[in-house]
Each structure stands twice: as C-alpha cells, then as structure tokens.
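Undergrad: The following block contains the structure, expressed as structure tokens.
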Amino acid sequence: MIRQTLLTMWLAVALVCPFAGMAQEMARQGDAEHLVPQGWESKQAVGDLDRDGIDDMVVVAQPNDERHLKVRDDGYVYNFNPHVLAIYRGKGGGQYELWRLYKDAIPMNASETVSVDVSVGVNQKGVISIGFETFASAGGWGNGDIEYKIRYQKGDFYIIGYDESSMARNMGEQEKISENYLTHKRCVTTSNVFDDKVPPRTKWSSLPAALLRRLGDEPLNY
C-alpha cells in the first residue's frame, strides 16, 4: 500500500512536469558520485583504457524518463528506458571528463516477459566488457549471457571479441560461443548440464578477416 501510494504521488508529479526526465543528461565532468543524474540507475567500472597511467571510468546508466515506464496492475514498475553508455577520461585527483557518449549503443528492452541485466567491467589490460544477461519468465525456456569485449586503439573504441552462453532450462542443453576478432577465430562448445554422460564438444573455425567494428556504429544486440 505504501509503495502504491508513493508511486501514485510520483506519477502525479510526472503529469505536472511530463518532460522532467528528458532534461537530465550525463555530466560532462566531475567526480564519480556526480556524473549520473539523480534518480538514474547506474553501474560503473574503472580502469586505464588509454594506458596513460590514470584510471578512466565506464558508466552504464538507465534514465527514468516516465514515457518509458510502465506500471503493472500490482504496482510493479517496468523501466523500458534505453541505457546510456558513457566513457570518461580520468583527469587525476578523482576527477573525470566525458570522453565518449553513446545513447543508441544499447537497445531498449520493451518485453515484460524477458528481463535484461546489463553489466560493465574493465580488466587489467584496459579492455572493456559490456554484458547482457537475459531471462525469459514466460513464452520460453531460454536464458543466456552475452558479453562484448571493447578496446581503445587508434584513437577510438573497437569491438575485439564476443562471447555468448545460452541454455535451455527444460533440457539442460548448453552452447557457448567465443569469437576473437583480432585472431579471426571462433570456438563453439556444446554440453548438457543435466547429463554428465553427454561429453562436451568443441569446434573451432576461422572468421573472415574484416575491419573491426567501432563501438556505437551499430547497437550491441542481445
């Protein structure tokens, strides 16, 4: 009851000022606590992306624009706002400056039956990982994980790898795909998590040589 009352009050404010969520943007500079607008959900990862000895920051944030919120009959709120991906260059002293901003790199999820959890990380080599974990609560038995590997080189950010893991929860059949766009190699492993008698099978193949895709040229599909 309290949650429903608060939600009703919030929606009333939104009706008075329908474009309040639209006015907010990621900060162009500042410390880590003040880069994301108030009320947005966000995840952050820190690492030295350009190898200059100063940590940079990658932020995945989800706005709270009320036009992309949907209230279920029981009061649960779906947030279908597309995530914003921001990369900040470290300036030292805990300060960051906006380096790249991608508003269309992560597509919008508009399904009430498929949840998508977005993650972000940076390893010791300065490689960014953007991950998507999907779970179908109705209409299917599938769930999976997808992760993109992104590296800064030649003045921009490029996708250098792709990993995907999927499983059918009813049958236990699992498939893992790993693609390396630097070595042009692809590895596919199949197994069954419910049956130890089914041996894992691995198949390697070559990918056609191609120019690396820049981050932001196309959405990171999941």
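Undergrad: Given the options Ile177, Ile159, name the one that is over 25 Å from Phe80 (Cα atoms), in contact with a Cys (Cβ under 9 Å, 6 or more places away or on another chain) and not charged (D, E, K, R).
TA: Exactly one of Ile177, Ile159 is over 25 Å from Phe80 (Cα atoms), in contact with a Cys (Cβ under 9 Å, 6 or more places away or on another chain) and not charged (D, E, K, R), namely Ile177.
Undergrad: Right, another one. Could you run through the stretch 152-161 and say how many residues are surrounded by fewer than 17 Cβ atoms within 10 Å (Cβ to Cβ) and assigned to a strand (DSSP E or B)?
TA: Filtering the stretch 152-161 for residues surrounded by fewer than 17 Cβ atoms within 10 Å (Cβ to Cβ) gives 153-156.
Still in the running and assigned to a strand (DSSP E or B): 153, 156.
Counting residues in the stretch 152-161 that are surrounded by fewer than 17 Cβ atoms within 10 Å (Cβ to Cβ) and assigned to a strand (DSSP E or B) gives 2.
Undergrad: Continuing with this model, one more query. Is there a residue in the stretch 127-142 that is assigned to a loop (DSSP other than H, G, I, E, B) and either surrounded by 18 or more Cβ atoms within 10 Å (Cβ to Cβ) or within 16 Å of the chain's Cα centre (by Cα) (or both)?
TA: Yes - at least one qualifying residue is present in the stretch 127-142.
Undergrad: In the stretch 36-49, what residues are within 22 Å of Arg151 (Cα to Cα) and either in contact (Cβ under 8 Å) with a residue 24 or more places away in the chain or among the hydrophobic types (A, V, I, L, M, F, W, C) (or both)?
TA: Correct list: Lys43, Gln44, Ala45, Val46, Gly47, Asp48, Leu49.
Undergrad: Where residues in the stretch 166-205 are under 27 Å from Val116 (Cβ atoms) and assigned to a loop (DSSP other than H, G, I, E, B), which of them is modelled with the lowest pLDDT?
TA: Per the stated criteria, the residue is Arg169.
Undergrad: How many of the residues in the stretch 105-120 are under 12 Å from Val60 (Cα atoms) and crowded, with 17+ Cβ neighbours inside 10 Å?
TA: Number satisfying all stated conditions: 4.
Undergrad: Something else now. Considering the stretch 84-103 alone, what residues qualify as being outside any strand (DSSP E or B) and not basic (Lys, Arg)?
TA: The answer is Gly93, Gly94.
Undergrad: What is the number of the single condition among (1) farther than 17 Å from Ala61 by Cβ; (2) within 14 Å of the chain's Cα centre (by Cα); (3) of a type in the set (Ser, Thr, Tyr); (4) surrounded by 15 or more Cβ atoms within 10 Å (Cβ to Cβ) that Tyr102 does not meet?
TA: If we test Tyr102 against (1) farther than 17 Å from Ala61 by Cβ; (2) within 14 Å of the chain's Cα centre (by Cα); (3) of a type in the set (Ser, Thr, Tyr); (4) surrounded by 15 or more Cβ atoms within 10 Å (Cβ to Cβ), just (1) comes out false.
Undergrad: Out of curiosity, is Pro208 under 30 Å from Asp55 (Cβ atoms), assigned to a loop (DSSP other than H, G, I, E, B) and touching a residue at least 12 places away in the same chain (Cβ under 8 Å)?
TA: In short, no.
Undergrad: Another question about this same structure. Taking strands (runs of 3 or more DSSP E) that do not extend beyond the stretch 1-82, which have at least 3 residues that are modelled with pLDDT of 95 or more? Steps first, answer last, please.
TA: Working: elements: 29-31, 41-47, 56-62, 69-71, 77-79.
Output list reads 29-31, 41-47, 56-62.
Undergrad: Here's something else I'd like to know. Would you please name the residue that is farthest from Tyr152 (Cα to Cα), looking only at residues in the stretch 57-90 that are charged (D, E, K, R), touching a residue at least 12 places away in the same chain (Cβ under 8 Å) and surrounded by fewer than 14 Cβ atoms within 10 Å (Cβ to Cβ)?
TA: Applying the filter and picking the extreme gives Arg72.
The values are calculated or read from the model by the stated rules, or taken from the named source; none is laboratory data. Only a predicted model underlies this, so the values are computations on that prediction, with no experimental measurement involved. So basically every Cβ, Gly included, is an ideal-geometry build from the backbone, and we count neighbours across all protein chains shown.
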